[in-house]
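The values are calculated or read from the model by the stated rules, or taken from the named source; none is laboratory data. A quick note: this is a predicted structure, and the numbers were derived from the prediction, not measured. Every residue, glycine as well, gets a Cβ built from its backbone with ideal geometry; the counts of neighbours run over all protein chains shown. SASA here: full protein model, heavy atoms, side chains in, ligands and nucleic acids out. Shrake-Rupley method; radii C 1.70, N 1.55, O 1.52, S 1.80 Å.
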Amino acid sequence: MVERPAVPEVIWARPERAGRGPRPAYRRADIAAAAVRIADAEGLDAVSMRKVAAELGCGTMSLYNYVPRKEDLYELMLDAVSAGYDYPEPSGDWRADILALAHQARRMMHRHTWVPRLMSPVYGFSPNTLRYLEYTLSCLDGVDARFGEKMELVAMVNGVVTTYTANEIATAERSRSLPWTEEQEQAARTGYLISQISTGKYPRLAAGFAEDPGPIDPEEVFDRALTRLFDSFDRG
């Protein structure tokens, strides 16, 4: 049995492979890529040390020499997908730059639908997430705010993006599991809503829907939510 660490340990502070012996057969990047492939194809719950080892063609116990805990594997996975961000030179318009980065994050989460489940400060200090934070702070260089306030803004933006995208993913997954189309269900629910509003019991809802019947544009709502967050932060 491979000895597991008995004290807190950061995977990035460890060498690529613990202990003595021959040159490592695998890199962390290989292990992370294998785990990401499994999660993308089968979902996060399908990721296990056994499956990752099988994907790589090695023994499960030998994999623990590289990744001591499943939590470390999750951290490798998040860092791997975070490598896909594009970091253009900040434009000087911090709102536009951070909004563009938020759209990148949303697209990444739709490509890797398991990511929202792992979004946690615990996994926030891997090489690629540190790069993400450094870039975000560079976009805020001209903002008159303390470091802690800027970090609060970053956390709030990430919270909005993660929650919004997680809801989109959940809605899409639910729709795929139903024996009817999303449009059919929406039509049925809209019909029921209209029938209830028509009773006169909900005058404010009736007035609201008469003023703005929809449909809702998810892109506009996403931008509007972040813009309002920016407004609350902006001192200018």
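So here's what we get for this one:
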{"quantity": "Among (1) at pLDDT 95 or above; (2) open to solvent by 10 Å² or more (accessible area, probe 1.4 Å); (3) in contact with a helix residue (DSSP H, G or I) (Cβ under 8 Å, 6 or more places away or on another chain) - the single one Ala34 does not satisfy", "calculated": "(2)"}
{"quantity": "Some residue of the range 105-125 being touching a Ser or Thr at 6+ places or on another chain (Cβ under 8 Å) and more than 23 Å from Ala170 (Cβ to Cβ)", "calculated": "no"}
{"quantity": "Unmet criterion (only one of (1) modelled with pLDDT of 90 or more; (2) open to solvent by less than 80 Å² (accessible area, probe 1.4 Å)) for Glu42", "calculated": "(2)"}
{"quantity": "Filter result (touching a residue at least 60 places away in the same chain (Cβ under 8 Å), open to solvent by 40 Å² or more (accessible area, probe 1.4 Å) and more than 21 Å from Ile98 (Cα to Cα)) within the range 146-185", "calculated": "Glu173"}
{"quantity": "Residue identified as hydrophobic (A, V, I, L, M, F, W, C), open to solvent by 10 Å² or more (accessible area, probe 1.4 Å) and in a helix (DSSP H, G or I) among Val52, Val81, Val143", "calculated": "Val81"}
{"quantity": "Residue that is nearest to Ala172 (Cα to Cα), among those in the range 88-102 that are out of contact with any Leu (no Cβ under 9 Å at 6 or more places or on another chain), open to solvent by 20 Å² or more (accessible area, probe 1.4 Å) and not in a loop (DSSP other than H, G, I, E, B)", "calculated": "Ala100"}
{"quantity": "Pair list, Cβ < 7 Å and 6+ apart or interchain, from the range 193-219 residues that are without any contact (Cβ under 8 Å) to a residue 24 or more places away in the chain and farther than 25 Å from Tyr164 by Cβ to residues that are among the β-branched types (Val, Ile, Thr) and not in a loop (DSSP other than H, G, I, E, B)", "calculated": "Ala206/Ile197"}
{"quantity": "Tally, over the range 170-208, of residues that are polar (S, T, N, Q) and under 35 Å from the mean Cα position of the chain (by Cα)", "calculated": "7"}
{"quantity": "Lone unmet requirement of (1) modelled with pLDDT under 90; (2) open to solvent by 60 Å² or more (accessible area, probe 1.4 Å) for Ser120", "calculated": "(2)"}
